[in-house]
Amino acid sequence: MAGSPSVCCIAFYFVCLFGLVGIAQAQNQTNITTDPSEARVLNSIFQQWGISASDQWNISGELCTGAAIDSTGFDSPTLNPGIKCECSDNNGSTCHITQLKVFGQDVVGVIPDELWNLNFLFNLDLRQNYLTGPLSASVGNLTRLKYLSFGTNALSGELPKELGKLTNLMSLSIVGNDFSGSLPSELGNLTKLEQFYFDSSGVGGGIPSTFAALKNLKIVRASDTELTGSIPDFIGNWSKLTLLRFQGNSFEGPIPSSFSKLTSLSDLLISDLSNGSSSLEFLKNMKSLKILVLRNNNISGSIPAITWEYQSLEHLDLSFNNLTGQIPDSLFNSSSLSFLFLGNNKLTGTLPAQKSTSLLNIDLSYNELSGSFPSWVSQQDLQLNLVANNFTIATSNSSVLPSGLSCLQRNFPCHRDSPIYYNFAIKCGGPEIKSSNRIVYEWENETLGPATYYVTNSNRWAVSNVGRFIDRTNPQYASFSSSQFTNTLDSELFQTARISAGSLRYYGLGLENGNYNVSLQFAEIAILNPRTWKSLGRRVFDVYIQGNLVLKDFNIKKEAGGASFRAVQKEFQAQVSENYLEIHLFWAGKGTCCVPEGTTGPSISAISATPDFYPTVSNNPPTSKKNRTGFIVGIVVAVGVVSILSVFALYCFVQRRKRPHSNEDEELLGMDARPYTFSYAELRAATEDFSPANKLGEGGFGPVYKGTLNDGRVVAVKQLSVASHQGKRQFVAEIATISAVQHRNLVKLYGCCIEGDKRLLVYEYHENKSLDQALFAGKRSLYLDWPTRCDICLGVARGLAYLHEESRLRIVHRDVKASNILLDSVFNPKISDFGLAKLYDDKMTHISTRVAGTIGYLAPEYAMRGHLTEKADVFGFGVVALEIISGRPNSDSSLEEEKIYLLEWAWQLHENNREVELVDSNLSEFNEEEVKRVIGIGLLCTQTSPMMRPSMSRVVAMLSGDMEVSTVTSRPGYLTDWKFNDTTSFMSSDTSTSQNANSHYNSATSTSMVADADHSPVSTTRPMLHEIIGEGR
């Protein structure tokens, strides 16, 4: 107790001391001022970017206070946006801003020029925003900079050579921008540079020779650029390198032998080199490697048996090369190796007998390995992909592996030469879904990983996945979104997707040989729409079907017009000749790695394949063994019954042959391209006895019904009326024409029926009906956004270009109009009613007594003189294009007088530079330049003179942006000379323009008139081979 007073005194002394220190510090901070010019600059920048200073460092309006000058680290999340200051001038009373961070704030705009006046900065971090415009040459003013990052923005233009003045730089990042041009040679002056990140930056060309001086570099990331030429030898002198990434560039091989000097490397990733052959000799001294990726580089030779010396190697990828020989035992015994990818080489021999327990992900697919399986294949948690080898499955302990591997060996032996299937549909990465067009997509939500495969129990299809997301800590190989998707009636189909870090293959197995229509469905669900840094990612991959490259550098979001959550469907034809179909999605190193995370590599939502022929197999899985006895008994009984019925049928057939054949269609028998013939009973059952409830509409030759065939396909059945005067002749013509013409933008004919007097055609069915109903049906109209309307225009143009110029048969449609354009489930346009578009030769451009067409779409020379060329279709397309833009028909008497006739109104707006007013009021967003382009094309296509109208192939080029749109300066004569409000009409009085609004397969009855005698060399009474006949469907 005696010492208590002294203790209290001491305690009181220290309290006072620390209190005085705190007061002194507070007074010092109060007396500190930020350099006024720098304060003005920072305030101006923040105001332009719409961000605010934090009260963590902007205390009482003084910038360099609080966290800006205390011990708070610059990387602290609380210091964002943030600054750090140094207060050394004027005895510590004046502070300069030395570090500035605006990280992940989604700032939209340009970099203000004032920024380059903050010349005390040594650290500038502007990553993950949406900064646009060029990088100013004034960046060279910031000579104190040591750390500079513009990573993940939208900066454009060439890199300024003034960056070479920043000789104190230790770290430079321009990753994930839209720069262009080559790397400035002046960057070779940055001899202190230790880290250089320029993945996905947009730069290209060769690496300047001046870069040889950058010998302090430790990290270089340069993937997904347009770097060209050979990889420079001098990189071998960057001896301090610990990480080097060259993936997805345009480099040529080989890998320089000088790389053997890079003994400090821990991560080396080089892929997708073209030309040149490399070996693995340069690796012999790289004993510090942890990650080694040398994928798709034309590497040849054998795998050296020195891999046991790599004590730190965790990930090895030598896939997609030309390696030969056997797999070294030492490779499988490495104690550190966890991921091994050796697929798509030419390795032979057997699997090593022993394996390290740490090696749990092994890809050996697409080699020439054989023999049986060692005991280690049963290890728990092992992923082992052995697809497309020559293993002896029957005698191996394969029961521990995922089932179905025998079907995925070389040549895919299951049901080879004895097919049982003719289609398959897969919901990639998700549950079973039945689409609006009644396709059942089977579930495919297996847990796939870096080296996995899966085969269905029915052996109908399979999937194989290879690749590891190196930059992700918890990788997933499927993605999910609950969002609603545009451009589709089946939003659920796109809410899940299968993703891959490298190579994703789907197989259709046991397929009947023939041509197949392959439909691939995509939608981007990870890279977002808004203008944020997360929208700047690019997913880029290649697609092969049957080994043929069908999509190179495919970017889902770009294909969708820059939109996320928008369905994209790509259709292809593929030939199956060995009873299997392979669809391969391959990442070739391109695209952003993690903007945002999880956007590298392929992504696909659904796959389907249907025959382009009439199949002869059952499409049912084989019967199991336990039912085989009953099956055999059933067969015996069935054979007996069939034998009796066959005798009876033969008797009836002979009797029938004895009767006259007044109504048999002999013309059909001699046709070269004869489609499949359905029985009348089959079509009657499909349409429920042609029920009125299934009636789609009434055309000029009879009604059209919706039907469902036995195999589940939904079709449109056109029932021709025998009362039609020329029905038989037109029927045969349509069969002959459509059978020879196939295009993705033309309605497909599945087959026909010709029994007695009955004539029917069977077409593919399109549930989105016709374009006129989508646009003009008022409240029942479909919403078509601007990208969809552009796609429809382009699709129709491509279909017509095919008819005019690409088809083996030269065809003019004669009745191009909105009701003759059908829309499939993803609004892909299909031109209908071209079946009676009569073939013509170069000399026969005039017709006789009838004009096939519809008021409002008829070209003047065709309507007035019967002069027919493909330019008549061009005119009709121009009218349709304007209807698509405006969302209204070509004439509408309910509108104001000046707007009644679409062409006249469009010209009026064009002449007054008000074209945008033509746009459908239902469109909330559209691209004004694209609108003007399409309007210009529409006006060009509807010129009076056929010679002034472009060909459809030129229209395609103009719509695609590959060709400029020619200028149109004056109204066509038919608009200036004709009086549109005249009560008389140049059309004949019996013309019918009525349509059934509930039909998407009918068209107006053909109009007709007598052609000018001076221009009609064909007799008006005698039908000729080249006569053009009208049709209604």
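No value in this document is a laboratory result; all are computed from the given coordinates. Remember, predicted model here, so these are calculated numbers, not experimental data. Positions of Cβ are backbone-derived with ideal geometry, glycine not excepted, and every protein chain shown enters the neighbour counts.
Give me Val543, Val595, Val440 ranked fewest to most by other Cβ atoms within 10 Å of their Cβ, as a rough exposure proxy. Please list the in-between numbers first.
Values: Val543 21, Val595 25, Val440 12.
Fewest-to-most Cβ neighbours within 10 Å comes out as Val440, Val543, Val595.
Can you sort Tyr802, Tyr422 so the residue with the fewest Cβ neighbours within 10 Å comes first? If you can, show how the numbers build up before the last one.
Details: Tyr802 21, Tyr422 24.
The fewest-first ordering by Cβ neighbours comes to Tyr802, Tyr422.
For every other residue with a beta carbon closer than 10 angstrom to the beta carbon of Met170, add +1 if it is Lys or Arg and -1 if Asp or Glu, then tell me the sum. Mind dumping the intermediate values first?
Values: positive: Lys146, Lys192, Lys218; negative: Glu194.
Charge balance near Met170 sits at +2.
What is the range 60-110 by shape, rounded, prolate or oblate, if you read a ≥ b ≥ c off the alpha carbon gyration tensor as root eigenvalues and call it rounded for a/c under 1.5, prolate for a/b larger than b/c, and oblate otherwise? The partial results should precede the final answer.
Details: a/c = 2.45, a/b = 1.80, b/c = 1.36.
It comes out prolate by the Cα gyration axes.
Taking 0.36 nm per intervening residue step and subtracting the Cα-Cα distance, what contour gain separates Ser88 from Glu368 on full extension? Walk me through the intermediate numbers first.
Working: separation 280, 0.36 × 280 = 100.80 nm, distance 7.07 nm.
Stretched fully, the Ser88-Glu368 segment lengthens by 93.7 nm.
Enumerate the amide H contacts of Leu746 below 5 Å, restricted to partners 5 or more residues apart or on another chain; note that Pro and chain-start residues carry no placed amide H.
Ile831
Does the range 94-142 come out rounded, prolate or oblate by the C-alpha gyration tensor, with a ≥ b ≥ c the root eigenvalues, rounded set by a/c under 1.5 and, if not, prolate when a/b is larger than b/c and oblate if not? Intermediate results must be reported in sequence, preceding the final value.
Working: a/c = 2.36, a/b = 1.34, b/c = 1.76.
It is oblate, given that a/c is not under 1.5 and a/b is not larger than b/c.
In the range 410-459, which GluC sites (Glu not before Pro) fall in coil by DSSP and have 14 or fewer other Cβ atoms within 10 Å? Could the numbers behind the result be given before it?
Values: sites: Glu432, Glu442, Glu444, Glu446; in loops: Glu432, Glu446.
Filter output for the range 410-459: Glu432.
So, R0 is 56 Å and r is the distance between the beta-carbons of Asp612 and Lys290; what FRET efficiency does that work out to, to 0.05?
Once rounded, the FRET efficiency stands at 0.65.
Only counting other Cβ atoms within 10 Å, I'd like Phe554, Phe926 sorted with the fewest neighbours first.
On the way: Phe554 20, Phe926 17.
The fewest-first ordering by Cβ neighbours comes to Phe926, Phe554.
What are the aspartates and glutamates whose alpha-carbon lies under 19 Å from the alpha-carbon of Lys215, with same-chain residues fewer than 8 places away excluded?
The reachable aspartates and glutamates, counting only those whose Cα sits under 19 Å from Lys215, are Glu186, Glu194, Asp233, Asp267.
Report the net charge of residues surrounding Ile303, where surrounding means a beta-carbon distance below 13 angstrom and charges are Lys +1, Arg +1, Asp -1, Glu -1.
On the way: positive: Lys284, Lys346; negative: Glu281, Asp317, Asp329.
Net charge around Ile303: -1.
Once you treat every alpha carbon in the range 424-605 as an equal point and sum by Debye, what is log10 I(q)/I(0) at q = 0.10, 0.15, 0.16 Å⁻¹?
One equal scatterer on each Cα of the range 424-605 leads to -0.36, -0.85, -0.97.
Please sort by residue number the trypsin sites (Lys or Arg not before Pro) in the range 750-837 whose DSSP state is loop and whose Cβ has at most 16 other Cβ atoms within 10 Å.
Loop-located and lightly packed - Arg808, Arg810.
Could you tally up the Lys pairs in the range 424-605 with alpha carbons closer than 26 Å? Skip any pair fewer than 8 positions apart unless they're on separate chains.
So the count of such lysine pairs works out to 19.
What are the ³J(HN,Hα) couplings of the range 866-877, residue after residue, when phi is run through the Karplus curve with 6.51, -1.76, 1.60 and θ = phi - 60°? Round to Hz, x for glycine and proline.
x, 7, 10, 9, 5, 5, 5, 5, 4, 4, x, 5
Could you tell me whether the range 61-163 comes out rounded, prolate or oblate from its Cα gyration tensor? Rule is a ≥ b ≥ c as square roots of the eigenvalues, rounded for a/c under 1.5, then prolate if a/b exceeds b/c, otherwise oblate. Could you put the intermediate results ahead of the total?
Numbers: a/c = 2.37, a/b = 1.48, b/c = 1.61.
Oblate, since a/c reaches 1.5 and b/c is not below a/b.
Using alpha carbon centroids, what distance separates the range 336-415 and the range 117-195, in Å?
Taking the Cα centre of the range 117-195 as reference, the centre of the range 336-415 is 48 Å away.
Taking H as built 1.01 Å from N, whose amide H comes closer than 5 Å to the amide H of Gln326, not counting residues under 5 places away?
Those qualifying (amide H under 5 Å, at least 5 residues apart or on another chain) are Thr348.
For the range 424-605, build the charge dipole from Cβ charges (+1 Lys, Arg; -1 Asp, Glu) around the Cα centre, then report which of Ser458, Pro596, His584 sits farthest towards its positive end.
Pro596
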